[in-house]
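Structure, as structure tokens:
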Amino acid sequence: MFHLPITSLTAQFGDIDIYLFDQLLKGRIQKGIKLLDAGCGEGRNISYLLQAGVKVFGADVSESAITKVKLLAHELAPTLPARNFIVADLECLPFEETEFDVVICSAVLHFARDENHFRSIVQELWRVLKPGGMLFCRLSTTIGLEGKLQHLHDRFYQMVHGPVWFLADETLLKDLEIQLGAVRLDPLKTTVVEQDRSMTTWVLRKV
Ligand SMILES: C[S@@+](CC[C@H](N)C(=O)[O-])C[C@H]1O[C@@H](n2cnc3c(N)ncnc32)[C@H](O)[C@@H]1O
């Protein structure tokens, strides 16, 4: 009997975030759509998307990350223009309004400089999203660890593993949803990692 090789999953999907993988399983990311990976880093989340015929764009403030992601894109999707990958701060993106069917932003928002920066980034991601499009964010929050984290000031926390992060809470996410007129596509799902950080998946539809 023929069995599928499990190792080929890694070759196909790389290190894709498991909650983004869940969006693929739900059929919310399809061939031919235009997708922005906001804060793409070196492209851990886009290996499969590049091979699957998604029109991938990426933005990151790090020049070296964009250099690496361009090489990855060239290898996996040689016909995709290198200009799709740009160095930019997410609060000011050089894209037209309503350009993208899907915007993903994974492990980026907790690096916001303050609450205004956090709000500006989310608003900017929303601006470039089409009506009917999906915004997928995965970010560290205080959810599930209320009162257990080392609070410094405002929304900044000293994380056990070293850095100081900006952590949203459910009230801030809800407030933004109301301001944007967003519909929550999935309930908030939060993974608490070893009692030292929370990673929340926040998935919205633009109406
Ligand atoms: C932890 S990495 C995550 C990379 C990728 N999204 C992933 O899930 O593997 C965070 C990335 O966000 C980028 N970043 C942080 N703040 C940013 C901002 N304001 N604008 C653009 N990129 C930003 C960093 O340069 C880094 O590449």
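Please go through region 194-207 and give me each residue that is polar (S, T, N, Q) and crowded, with 18+ Cβ neighbours inside 10 Å, ordered by number. Listed by number, the residues that qualify are SER198, THR200, THR201.
For SER120, the test of being among the hydroxyl-bearing types (Ser, Thr, Tyr), surrounded by fewer than 18 Cβ atoms within 10 Å (Cβ to Cβ) and without any contact (Cβ under 8 Å) to a residue 40 or more places away in the chain is passed.
Considering only residues in region 15-28 that are free of Cβ contacts under 8 Å to residues at least 12 places away in the same chain and part of a loop (DSSP other than H, G, I, E, B), the one that is surrounded by the most Cβ atoms within 10 Å (Cβ to Cβ) turns out to be LYS26. Selection within region 151-193: residues that are under 16 Å from LYS206 (Cα atoms) and among the small types (Gly, Ala, Ser). The member of this set that is surrounded by the fewest Cβ atoms within 10 Å (Cβ to Cβ) is GLY181. Remark: VAL103 falls outside the filter, which requires a residue to be crowded, with 19+ Cβ neighbours inside 10 Å and in contact with a Gly (Cβ under 6 Å, 6 or more places away or on another chain). Within region 112-133, does at least one residue satisfy the condition of being closer than 18 Å to ASP15 by Cα and not polar (S, T, N, Q)? Checking region 112-133: not a single residue is closer than 18 Å to ASP15 by Cα and not polar (S, T, N, Q).
Could we say that GLN12 is surrounded by 18 or more Cβ atoms within 10 Å (Cβ to Cβ), more than 9 Å from the ligand (Cβ to nearest atom) and not in a loop (DSSP other than H, G, I, E, B) here? So GLN12 fails the test. Those strands (runs of 3 or more DSSP E) of region 158-207 in which 3 or more residues are touching a residue at least 24 places away in the same chain (Cβ under 8 Å) and closer than 23 Å to PHE21 by Cα occupy 189-193, 197-206.
We did not get these values from a lab; they are worked out from the coordinates using the rules stated. Keep in mind that what you see is a predicted model, and the values were worked out from it rather than measured. Using ideal geometry, Cβ is built from the backbone for each residue, glycine included, and neighbour counts are taken over all protein chains shown.
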